[in-house]
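Peer 1: I'd like to ask you about the structure that follows.
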Amino acid sequence: MERELGVTGPQRLVVRLLDESPGTTAGALAQALHLDPGTMTGIIQRLQRDRLVRRAADPHDERRFLLALTPRGRQLATRRDGTIEGLVSEAAGKMSAADLRAAERVLESLASALLGE
């Protein structure tokens, strides 16, 4: 994906989240993705450098910055070819309904274990 689209998996996730929720803070993104705030800072800086994300001061609290996609970032957010979700969709399309249900159970169990549930 990085070779084809120019973004890493974590960067793609940030782009997708900002597409769904423009005006989000870096802290909220870090929390949603379970990433260290310092890691999120690096991701956002690279997305800004590549003109995919812009930041603006929060009008209610000038200490905070709100993030949103640029037009180029919105274009990337809607793209599916060459993305992780595109590949997952393609692979799932080749599986039987029974295999998909089994995979779903495995992924739910793994997610619960990772979340300590």
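Peer 1: Using only helices, what value at 222 nm comes out for the chain when you add -39,500 (n - 2.57) per DSSP H run of length 4 or more and divide by the total residues, to the nearest 500 deg cm²/dmol?
Peer 2: Details: 7 runs with 73 residues, N = 117.
Calculated at 222 nm, the ellipticity per residue is -18500 deg cm²/dmol.
Peer 1: Which order do the peptides 26-35, 82-91 take when ranked by the mean count of other beta-carbon atoms within 10 Å per residue, highest first?
Peer 2: With the highest mean Cβ count within 10 Å placed first, the list reads 26-35, 82-91.
Peer 1: For the residue pair Leu107 and Ala91, what label-to-label distance in nm results when each label sits 7 Å from Cα along the Cα-to-beta-carbon direction?
Peer 2: 0.9 nm
Peer 1: Something else about it: Can you give the charge dipole size of region 2-114 about its Cα centre, rounded to the nearest 20 debye, using +1 on the beta carbon of Lys and Arg and -1 on the beta carbon of Asp and Glu?
Peer 2: The dipole of region 2-114 has a size of about 360 debye.
Peer 1: Which whole-number percentage describes the relative contact order of region 2-114, with Cα contacts under 8 Å and a sequence gap of 6 or more?
Peer 2: Computed over region 2-114, the figure is 25 percent.
Peer 1: Right, another one. Choose one of Ala97, Thr25, Leu35: the residue whose Cα lies farthest towards the positive end of the charge dipole of the chain (beta-carbon charges +1 Lys, Arg; -1 Asp, Glu; about the Cα centre).
Peer 2: Thr25
Peer 1: Same structure again: Ranked highest first by the average count of other Cβ atoms within 10 Å around their residues, in what order do 105-116, 11-22 fall?
Peer 2: 11-22, 105-116
Peer 1: Compute the acute angle (0 to 90°) between the alpha-carbon long axis of helix 37-49 and the principal axis of greatest extent of the alpha-carbon atoms of the chain; round to the nearest 10°.
Peer 2: Its long axis makes an angle of about 80 degrees.
Peer 1: What is the packing order of peptides 74-81, 42-49, taking the mean over residues of other C-beta atoms within 10 Å and listing the highest first?
Peer 2: 42-49, 74-81
Peer 1: At q = 0.21, 0.24 Å⁻¹, work out log10 I(q)/I(0) for region 2-114 with the Debye formula, treating every Cα as an identical point scatterer and leaving solvent out; two decimals please.
Peer 2: -1.14, -1.30
Rule-based calculations on the coordinates, nothing more; no lab input. Predicted model only: the values in this text are computed from it and were never measured. Cβ coordinates were reconstructed from backbone atoms using ideal geometry, including for glycine residues, and neighbour counts include every protein chain displayed.
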